[in-house]
1. Averaged per residue, what accessible area in Å² does region 274-332 show with a 1.4 Å probe, protein chains only?
2. Using a/c under 1.5 as the rounded threshold, could you call region 477-623 rounded, prolate or oblate? The axes a ≥ b ≥ c are square roots of the C-alpha gyration tensor eigenvalues, and prolate needs a/b larger than b/c, oblate otherwise.
3. Evaluate E = 1/(1 + (r/R0)^6) for Thr223 and Lys355, where r is the Cβ-Cβ distance and R0 equals 25 Å; express this FRET efficiency to the nearest 0.05.
4. Show the residues, 5+ positions off or on another chain, whose built amide H is closer than 5 Å to the amide H of Tyr627.
5. Which of rounded, prolate or oblate describes region 378-502 when judged by the alpha-carbon gyration tensor and an a/c cut-off of 1.5?
6. Using the alpha-carbon centroid of each, what span in Å lies between region 88-140 and region 455-492?
7. Under the rule a/c < 1.5 gives rounded, and otherwise a/b versus b/c splits prolate from oblate, where does region 300-341 land using the Cα gyration tensor?
8. If each of Asp553 and Met721 carries a label point 7 Å out from its Cα toward its Cβ, how far apart are those two points in nm?
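The values are calculated or read from the model by the stated rules, or taken from the named source; none is laboratory data. Quantities reported herein were computed from a predicted structural model and do not represent experimental measurements. Cβ placement follows ideal geometry from the backbone for every residue including glycine, while neighbour counts extend to all protein chains displayed. To get the accessible areas, we keep the full protein, side chains included, count just its heavy atoms, and leave off ligands, DNA and RNA. Shrake-Rupley method; radii C 1.70, N 1.55, O 1.52, S 1.80 Å.
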Amino acid sequence: MDPGVEKKKQQMELVDVESGGLPVERQDSLFREAVRAEHAGAAHWDEQDSWGRTMSLAFQCVGILYGDIGTSPLYVYSSTFEHGIGHPDDVVGVLSLIVYSFMLFTVIKIVFVALHANDHGDGGTFALYSLISRHAKVSLIPNHQAEDELISGYSSSGKPSATLRRAHWLKQLLEASKAAKISLFLLTILAIAMVISDAVLTPPISVLSAVGGLREKVPHLTTDQIVWITVAILVVLFAIQRYGTDKVGYSFAPIILLWLLLIGATGLYNLIKHDISVLRAFNPKYIIDYFRRNKKEGWVSLGSILLCFTGSEALFANLGYFSIRSIQLSFSFALLPSVLLTYIGQAAFLSKNPKNVANTFFAATPISLFWPTFIMAIAASIIGSQAMISCAFATVSHLQSLSCFPRVKILHTSKRFPGQLYIPGVNFLLCVAACVVTVSFKTTVIIGKAHEICVILVMIITTLLMTIVMLLVWKINILWVALFFITFTSTEAVYLSPVLYKFTHGPYVPVAMSVVLMVVMIVWHYVHVKRYKYELEHTVSTDKVKEMLESHDLKRVRGVALFYTELVQGIPPIFPHLIEKIPTIHSVLVFISIKHLPVPHVDTSERFLFRQVELKDYKVFRCVARYGYRDSLEEAKDFVVTLLENLQDYIRDVNLYTDEPHTISAHSSCNHSFSWEKPSGRYAVHAEDMLTPIESFSEITALSNYGSDRLPHFKASKMNMEELAKIEQEQMFIEKEMEKGVVYILGETEVVVRPHSSLLKKIVVNYVYSFLRKNFVQGQKMLFIPHRQLLKVGISYEI
C-alpha cells in the first residue's frame with residue numbers, strides 16, 4: 001500500500017478518548033484554526049497599538065490618500081472668484097467658508113466619523129452598502145443562505161435593548177419593503193457612478209491646474225498649448241497604470257510629504273509677508289458678512305468653495321490597509337496644517353494682489369521656489385489622479401461582485417497587495433473621457449463646475465448610508481444619529497443647491513456620464529435578477545435528477561466535470577438540456593456556484609460548501625464557492641486542486657461525523673432549527689431561514705471552523721475497518737478521476753422577453769442587455785478556464 005495512504009488511514013483510526021471520540025488529526029486542525037484566529041485578532045490590535053507600525057502606516061497613507069485633497073489649493077480660489085474679487089473682505093469671507101467647510105466635512109465627518117464605518121478595512125459607499133447588507137437582507141438577488149452568516153466577520157454582537165429594538169425595526173422595514181431595497185440599491189450605484197465620473201474629472205483639473213503655472217514663466221503660452229501639454233501628461237498617466245502601484249505607498253509618500261511641507265511653508269511665508277489680518281477668517285462672522293454683501297453671487301460661489309474638500313471621498317474609499325489611528329495621525333499633523341496654511345497664505349496674497357486671482361497658487365509662490373514648486377505640483381497632481389483611478393478600478397471590481405456590471409478583464413498587479421487592480425478596458429475609457437473633457441473645457445473653472453456635483457452628491461449619499469449604519473450596525477443613541485443626520489444633510493443640501501443652479505454650465509457632464517453608467521448597471525442587474533429567479537423557479541426536482549441518473553441511455557465517462565451555474569439552490573434547468581443533447585456525464589460531477597458575499601474577504605478554510613446529490617453512488621455534488629468582494633478568483637488549475645481537496649475532506653467528514661437530530665439533509669424538516677456557540681457570542685440559525693430545506697448544505701461544513709465542541713458526534717469508534725477503508729476508497733476515487741482529466745461545463749444563457757412583453761422591456765432585454773453581453777468579456781475568461789477543456793451549453797430563457 002502507498003505510504004501516504006497508509007499514513008492517512010492510521011490518522012483516521014487514531015482517536016483521542018478524552019476528546020469524546022474526536023480524531024486527533026481533526027481535533028488538532030480545528031483547535032489550530034481557533035487559536036490562529038484568536039492570535040490573529042490579538043496581533044491585529046497589538047499592531048494597531050504599536051507606535052512603530054502606526055507611524056509606518058501614517059507615512060504610507062500620505063502617498064496614497066492625500067494626493068487628491070492635497071492638490072485642491074491649486075484651483076479653489078480661481079474657481080471661486082471666477083469674475084474677480086468685488087470687495088477686499090470677500091477674500092476673508094471665502095477663506096472662512098473654506099476653513100469651516102474643510103473642518104466640518106473632511107475632518108469631522110470623514111476622518112473622525114466615517115472612517116469608523118469601514119468594512120474590515122474597506123471604506124467608501126460600497127463598504128457602507130456591504131455593512132447594511134450583512135445586517136439586513138436588502139439584496140435583490142434571492143440567494144441568501146443561512147450558512148453565509150457563519151463566515152468570520154459577517155455578523156456583529158448585540159447592543160443595549162432600546163437600540164437593539166430600533167435596529168430590529170429598521171431591519172424589518174428594509175427587508176419587507178421592496179421600495180426600500182430598490183432605493184438603497186439606486187443610491188449606492190448613483191454614488192458609485194459619481195465616483196467613476198470623478199475619476200474622469202480629477203486628472204484633467206489637477207494636471208491642468210499644475211501645467212497652467214507655466215504661464216508665470218512663459219507668458220506667451222496659449223490656452224491650447226497648455227491643454228495639449230496636459231493631454232500628453234494624461235496619456236502617460238493612464239499608460240503606466242498597467243504596471244501597477246504596489247509600491248505606491250513608499251514611492252509616492254515622500255513626494256506628497258515634500259509637497260505638503262512646501263505648500264505649507266509657502267502659505268506661512270505669504271501670511272507673514274502680505275497680510276496676517278486674514279486670520280480674522282476663523283471668526284464665522286465673516287461668513288455672514290460675505291453672504292449679506294454678495295447675496296446671490298455669494299450663494300452661487302458655494303459650489304466652487306466645496307472643491308476644497310474634493311478628495312475626501314477618495315480618502316474614505318481608499319482606506320485599504322491603513323489603521324484608523326494612522327490616518328487620523330497623519331491627517332492631523334501633516335495634511336491639515338499644510339492645506340490650511342496654504343489657503344490662508346493665498347488669502348493673504350490676494351488681499352494685496354486681487355488681480356492675480358486667475359492663477360493664485362503660482363502667483364503667490366516665491367520666485368526662487370517656482371520651478372521646484374511647479375515640478376512638485378505636476379508630480380502631486382499625477383499622484384492625486386492616481387488615487388482616483390485606482391478607486392475607479394476597485395469600484396468596478398466591487399460592482400461585478402454585486403452583479404451590477406458586465407464582465408471585464410481584471411488584472412491583479414501585485415501579489416503582495418491583492419487590492420491593487422488594473423482593468424484595461426476601463427482604463428482606456430477613462431483616458432479617452434479625461435482627454436475629451438480637457439480638450440473640450442480647456443479651463444479649470446469649467447471643469448471645476450463639473451467636478452462639484454460629483455463631490456457633493458457622494459457626500460450626501462454617504463450621509464444617508466452612514467445614518468442607516470449608525471442605526472442598524474452601530475446601534476448608537478438616537479440623539480447622536482439625529483444630530484449627525486440633521487447637521488450634514490442640511491449643510492450638504494445648501495451646498496448642492498448652487499451646483500444644481502449652475503447645472504448647464506458643467507455639472508451636466510458628470511451627470512450624463514453617471515446616467516449612462518447607471519443604465520448599464522440597472523439593466524445588467526435587472527436581467528441577472530430575472531434570470532436567477534427564472535432558474536430558481538425551474539430547478540430540477542430530486543426525483544427528476546434521480547430518474548436521469550438511473551436512465552439506461554446515460555453513459556459514464558472517466559474524469560471530473562465542473563458544471564458552472566449561478567444558482568446556489570438546486571440543479572439548474574440547463575442540466576437536463578445538456579443530458580438531452582449529450583446523454584453522457586463524467587464519473588464525478590460537481591455543480592459549482594461562484595457566490596460573492598457582502599464581506600471584503602472569505603478565508604480559504606470557509607470558502608466551500610458541499611452537498612451530495614442523490615444518488616450517492618453517482619458521485620454528483622453541489623458546491624458553493626464563496627468569495628468576498630475584494631477576493632480574486634484563482635487560476636482554474638489552482639481552483640480545481642483546492643476544490644477537490646475540500647471535496648475529499650467533505651467525503652471524510654460526512655461519513656465520520658453524524659448527529660441525526662441536527663444533520664441537515666434532503667429530508668430535513670422545514671421547522672427544524674439548530675444553534676451553536678461562536679467565540680464572539682451566540683448565533684442561532686434556523687432552517688426556515690434557508691430558501692428551501694432540500695437545498696441546505698451540510699452543517700458539518702459550516703461548523704468545522706468554529707470549534708470541536710460543536711461538531712456532530714464522531715462515530716469512527718463504531719465503524720469497522722471495512723467502513724473506514726470504503727471512505728478512503730471514495731477519496732482515492734476522486735483523486736484518480738481528477739488525474740484522468742477535468743472538463744469545465746459553462747452555460748451560455750440567452751435571455752429574451754416573452755412575445756407579449758412591453759416595448760420598454762423588449763428594448764432593455766433584447767437589445768441593451770444583449771449588446772452588453774456580446775461585447776464584454778466572456779465567462780470562461782473571467783474564470784480563467786482553459787479553452788481546450790471548455791464545453792459550452794447553450795439555452796434560451798424567456799423572462
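1. 38 Å²
2. prolate
3. The formula returns an efficiency of 0.85 here.
4. For Tyr627, the qualifying residues are Lys595, His596, Leu597.
5. Judged from the Cα gyration tensor, region 378-502 comes out oblate (a/c at least 1.5, b/c at or above a/b).
6. 9 Å
7. Numbers: a/c = 4.37, a/b = 1.59, b/c = 2.76.
It comes out oblate by the Cα gyration axes.
8. Label at Asp553, label at Met721, 4.7 nm between them.
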